[in-house]
1. Hey, any hits in the stretch 87-102 for a residue that's over 19 Å from ASP270 (Cα atoms), touching a residue at least 40 places away in the same chain (Cβ under 8 Å) and within 11 Å of ligand 1 (Cβ to nearest atom)?
2. Out of all the residues in the stretch 119-177, which are among the β-branched types (Val, Ile, Thr) and either within 30 Å of ALA312 (Cβ to Cβ) or without any contact (Cβ under 8 Å) to a residue 12 or more places away in the chain (or both)?
3. List pairs: first in the stretch 21-48 and without any contact (Cβ under 8 Å) to a residue 24 or more places away in the chain, second assigned to a helix (DSSP H, G or I) and away from ligand 2 (no atom under 11 Å from the Cβ), Cβ under 9 Å, 6+ apart or cross-chain?
4. Which is surrounded by 15 or more Cβ atoms within 10 Å (Cβ to Cβ), within 16 Å of ligand 2 (Cβ to nearest atom) and assigned to a helix (DSSP H, G or I), of LEU109, LEU150, LEU169, LEU122?
5. Please work out which one of (1) within 30 Å of ALA302 (Cβ to Cβ); (2) within 16 Å of ligand 2 (Cβ to nearest atom); (3) surrounded by fewer than 16 Cβ atoms within 10 Å (Cβ to Cβ) is the condition ILE93 fails and give its number.
6. Which number in (1) closer than 19 Å to PRO75 by Cβ; (2) within 15 Å of ligand 1 (Cβ to nearest atom) marks the one condition that GLN116 misses?
7. Residues of the stretch 20-54 being within 12 Å of ligand 1 (Cβ to nearest atom) and out of contact with any helix residue (DSSP H, G or I) (no Cβ under 9 Å at 6 or more places or on another chain), which ones?
8. Any idea which residue in the stretch 207-234 is surrounded by the fewest Cβ atoms within 10 Å (Cβ to Cβ), counting only those that are assigned to a helix (DSSP H, G or I) and either within 12 Å of ligand 1 (Cβ to nearest atom) or in contact (Cβ under 8 Å) with a residue 60 or more places away in the chain (or both)?
Amino acid sequence: MSQPTTATPTAAKTTNKVIISCAVTGAVHIPSQSPYLPLTPDQIAESALGAAEAGAAILHLHARRPEDGKPTPDPEMYMRFLPRIAAGTDAVINITTGGGQGMTLDERLAAARRIQPEMCSLNMGSMNFGRYPIKNRIKEFKYDWEEADLESSRDYIFRNTYADIERVLQTLGEYGTRFEFECYDVGHLYNLAHFLDRGLIKPPIFVQTIFGILGGIGVDPEDLLHMKRTADRLLGDAYRWSILGAGRHQLNLTTMGAIMGGNVRVGLEDSIYLGKGQLAESNAALVAKIRRILEDLSLEIATPAEARAMLALKGRENTAI
Ligand code: KMH
Ligand code: ZN
């Protein structure tokens, strides 16, 4: 005899559909780690379009300098790939406000202010963000900036004070932009609840729980359960849960979270690997892999239109792309 069905195990799950976000290039990895990391505007556009074609409903985007792949906050660099992405897909365009190491908040906000996108990331607390262990895995650096950039993360604070968060909410809130709230640890969920209490954040809240950044919570299944339980307790049914596992934990944690009712984020920003020792040759390959796993588990993938409805987004037509 089969077990009786229980109530939906999570307050965050009000539809069966899973939103796949793809983070295309980011600012964590360096070009020397993988020849497949998109660097130029053409590469970023092509890779983003491939990810959307493979099933990503949201594209989380950073820009890099084409000549050496260094992350840049320059809005003009974003405008060298965004129109092409917008012309080729209706996937939601999500612009980082985390930017890259060493950028000021003004710089981190510059592209988002220019683009007024449907969605931006918003990092929910200051923290250490250690990328220096990557150095041990690099045999030869391709570009001058890379080694010093990794090394300086040893003494770097990723700054996201309450005043910074208020400023992002206010500046981009005026455009009707909504947020991917990046929570790297339990305290960030409490910060989110604090802003919800103050009425500065309105549901549905898209919570990106991040596992495996040095300086944030770890990658044990218990860590994932604790973040989810805490979010359920603090945010109830005001939130939509998404899971990001850094590095080789990308696919196992996203799969575990999706089974529990979460949405997923994959992409070369978060992991350069498709499997053990195997570099992912594209963002599309990562999206296709998680999509296949989810569909094998009888989970349905949300379209961009469904993601917009689930997250109450303003629509592409109301952006400045
Ligand atoms: N790189 C991720 C761990 C942002 O762009 O605002 C977090 C991130 C931050 O995507
Ligand atoms: Zn990012």
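The numbers here are math on the coordinates, done by the rules we state, and not lab data. Small disclaimer: the values here were computed from a predicted structure and weren't measured. Cβ placement follows ideal geometry from the backbone for every residue including glycine, while neighbour counts extend to all protein chains displayed.
1. Scanning the stretch 87-102, I find no residue that is over 19 Å from ASP270 (Cα atoms), touching a residue at least 40 places away in the same chain (Cβ under 8 Å) and within 11 Å of ligand 1 (Cβ to nearest atom), so the answer is no.
2. Residues satisfying the conditions are THR161, ILE165, VAL168, THR171, THR177.
3. The qualifying pairs are GLU46/ARG84.
4. LEU109 is the lone residue from the list that is surrounded by 15 or more Cβ atoms within 10 Å (Cβ to Cβ), within 16 Å of ligand 2 (Cβ to nearest atom) and assigned to a helix (DSSP H, G or I).
5. All conditions are met except number (3).
6. It is condition (2) that GLN116 fails.
7. Within the stretch 20-54, GLY26, ALA27 meet the criteria.
8. ASP232
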